[in-house]
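Student: Okay, here's the structure, questions in a sec.
The values are calculated or read from the model by the stated rules, or taken from the named source; none is laboratory data. Just so we're clear, the structure is a prediction, and the values are computed from it rather than from any experiment. Glycine also receives a Cβ, built like all others from the backbone with ideal geometry; neighbour counts cover every protein chain displayed. Just so you know, the surface numbers come from the protein's heavy atoms only, side chains and all, with ligands and any DNA or RNA stripped out. Shrake-Rupley method; radii C 1.70, N 1.55, O 1.52, S 1.80 Å.
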Amino acid sequence: MQPNHLILRREGAVGVVQLHRPDAMNALSLELMIELVDALEAYDRDGDIRCIVVTGGPKVFAAGADIRDMAEATVAEMVRRNQFARWERIRNISKPVVAAVCGYALGGGCELAMLADIIVASETAQFGQPEINIGVMPGAGGTQRLTRAVGKSLAMEMVLNGRFIGAREALSAGLVSRVVAAETCLTEAMRIAEEISRRAPVALRLAKQAVLAAYDTTLSAGLLHERALFYSLFATEDQKEGMAAFIGKRKAKYEGK
Ligand code: CAA
C-alpha cells in the first residue's frame, strides 16, 4: 500500500524516501512518522537495498513535528504516545542513510536530518531548532546531536534563541558534509548513496555502527569496539573478495556474505 505522506522509489540498490506533505511544510505528523519508520525499516530488511536516501521537497525538508498534533496535549497524553520510541527505531536503521536537505530543516526536521549518517545540503538549506519560540525545546535529540555536531556555543544560540543557520555555516560548523546547488542536491545525495551501495554491505553496517559508537563511548571503549568489529569482518566472504580483487587488479563483487 502506498503511504499518504511519502513518495517511495528505488534506483538500483538505493531506496529513496521523500517526505511529501506539501500543505504543511512536511510537518512530521504522527501518521507521517509511522509511515517513515515503516518505510525505512522495510528498506533496512530488503536484501536488494544497500543505502537509503531521505529527502523532502525543494523548499522544505521538514518544518518539525506537527504543532497541531501537540498543541492541546497533556503530559500524560505525550507520555502515552511515546512518539520518540519511533525516532529510536530510525536511529537503529543499520544501513547507511544519506539526507538531502533543501530549504528548511527545523525542529524535528533538523533532528531527522541529524539521524542520517551524511547530510548533503543545498545552498538554500536552513537548519534550526526553533522550539523555544513555541514554548518548548527540542525533544527528538536536538540538544544532544546538534551540540555534538556544532559545539556548545552555536548549539546554545540555536536552541535558546531559535537562530537558523544556512548551509555554508552548517558546513563550517560540521553539521553537513557538503553544500551543493539546489537543483543538484538530490542528484548529489543519490550519487553518494550509489557509490556507498557498491561497497561491501556487512562492512558498511559495522562501520556505521562503529562511527556512531564514538558518540556514546570513551575513546578506549570505542577503540576496543572498533577492533572487535574489524576482526569480525575477516569472517565474511566480502573481505576475501575485496582483498583478492585488489591484489588481482579487478573490481570487487560484493554479495553481503
Ligand atoms: N506543524 C504543523 N504545521 C506546520 C508546521 C509545523 N511544524 N510548520 C508549518 N506548518 C504549516 C503552517 O501552519 C501553514 O499551514 P496553513 O497553510 O494551513 O496555515 C503551512 O504549513 C505553511 O506554513 P507558513 O505559512 O508558516 O509558511 P512560511 O513560509 O511563512 O514559514 C516556516 C515557513 C518558517 C517553516 C514556518 O512555517 C515555521 O516556523 N514552522 C514551524 C517551525 C517549528 O517551530 N518547528 C518545530 C516544531 S516542534 C518540534 O519539532 C519538536 C521536536 O523536537 C520533535
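Student: Which of the GluC sites (Glu not before Pro) across segment 184-257 are loop residues per DSSP, with 14 or fewer other Cβ within 10 Å? All intermediate terms of the calculation are to be shown ahead of the outcome.
Tutor: Details: sites: E188, E194, E195, E226, E237, E241, E255; in loops: E255.
When the GluC sites (Glu not before Pro) of segment 184-257 are filtered for loop state and at most 14 Cβ neighbours within 10 Å, E255 remain.
Student: To continue, here is another question. Past 25 Å, Cα to Cα: identify those pairs from K95/K240; K59/K152; K208/K253; K208/K257; K208/K240, in the order given.
Tutor: Going by Cα-Cα distance, K59/K152 fall outside the 25 Å limit.
Student: With r defined as the distance between the Cβ atoms of E241 and Q209 and R0 fixed at 25 Å, what FRET efficiency is calculated, to the nearest 0.05?
Tutor: 0.75
Student: Another question, then. On average, how much accessible surface per residue is there in the chain, in Å², for a 1.4 Å probe, leaving out ligands, DNA and RNA?
Tutor: Value for the chain: 53 Å² per residue.
Student: Taking a cut-off of 18 Å between Cα atoms, list the aspartates and glutamates near K251, but don't count ones fewer than 8 places away on the same chain.
Tutor: Straight-line reach from K251, under 18 Å: E194, E195, E237, D238, E241.
Student: Can you tell me which of A63, A140, A85 moves the most in a GNM of the chain? Springs connect C-alpha atoms under 10 Å apart.
Tutor: A85
Student: In the Gaussian network model of the chain, springs joining C-alpha atoms below 10 Å, which of L36, L106, L160 carries the largest mean-square fluctuation?
Tutor: Residue with maximal mean-square fluctuation among L36, L106, L160: L160.
Student: Please report the antiparallel percentage of DSSP beta bridges with both residues in segment 6-197, rounded to the nearest 5. If you can, show how the numbers build up before the last one.
Tutor: Values: 8 of 30 bridges.
Just about 25 percent of them are antiparallel.
Student: Can you give me the long-range amide H partners of V180? Hydrogens built in the peptide plane at 1.01 Å from N, cutoff under 5 Å, separation of 5 or more residues or another chain.
Tutor: Here the answer is A121, S122, E123, since their amide H atoms fall under 5 Å of that of V180.
Student: If I model a spin label at R148 and M78 as a point 7 Å from the Cα along the Cα→Cβ vector, what separation in nanometres do I get?
Tutor: For the pair R148/M78, the computed spacing is 2.3 nm.
Student: Moving on. When you take every Cα atom in the chain, what is the radius of gyration, and what is Dmax, the widest Cα pair distance, in Å?
Tutor: Here Rg and the maximum Cα pair distance are 18.9, 65 Å.
Student: Continuing with the same structure: Per q in 0.11, 0.18 1/Å, what log10 I(q)/I(0) does a Debye calculation on the alpha-carbon atoms of segment 104-207 return?
Tutor: For segment 104-207 at q = 0.11, 0.18 Å⁻¹, log10 I(q)/I(0) is -0.36, -0.85.
Student: OK, next. Could you pull out which residues in segment 182-205 have an amide N less than 20 Å from a spot 7 Å beyond the Cα of R250, following the Cα-Cβ vector?
Tutor: What the label zone holds, given the 20 Å backbone N cut-off, is 198-201.
Student: So how much slack lies between N133 and E88, counting 0.36 nm per residue of separation and subtracting their Cα-Cα distance, in nm? Each step should come with its number before you reach the end.
Tutor: Numbers: separation 45, 0.36 × 45 = 16.20 nm, distance 2.53 nm.
Net length gain for the segment: 13.7 nm.
Student: Okay, moving on. Determine the share of the chain's accessible area contributed by carbon and sulfur atoms, expressed in whole percent, with a 1.4 angstrom probe.
Tutor: On the way: 7880 of 13690 Å².
It is 58 percent, rounded to a whole number.
Student: Any chance you could give the angle, 0 to 90 degrees and rounded to 10, that helix 185-197 forms with the longest Cα principal axis of the chain?
Tutor: Long axis of 185-197 versus the principal axis of the chain: about 30 degrees.
Student: Between M1 and R198, with labels modelled 7 Å along Cα→Cβ, what's the label distance in nm to one decimal, could you check?
Tutor: Label at M1, label at R198, 3.9 nm between them.
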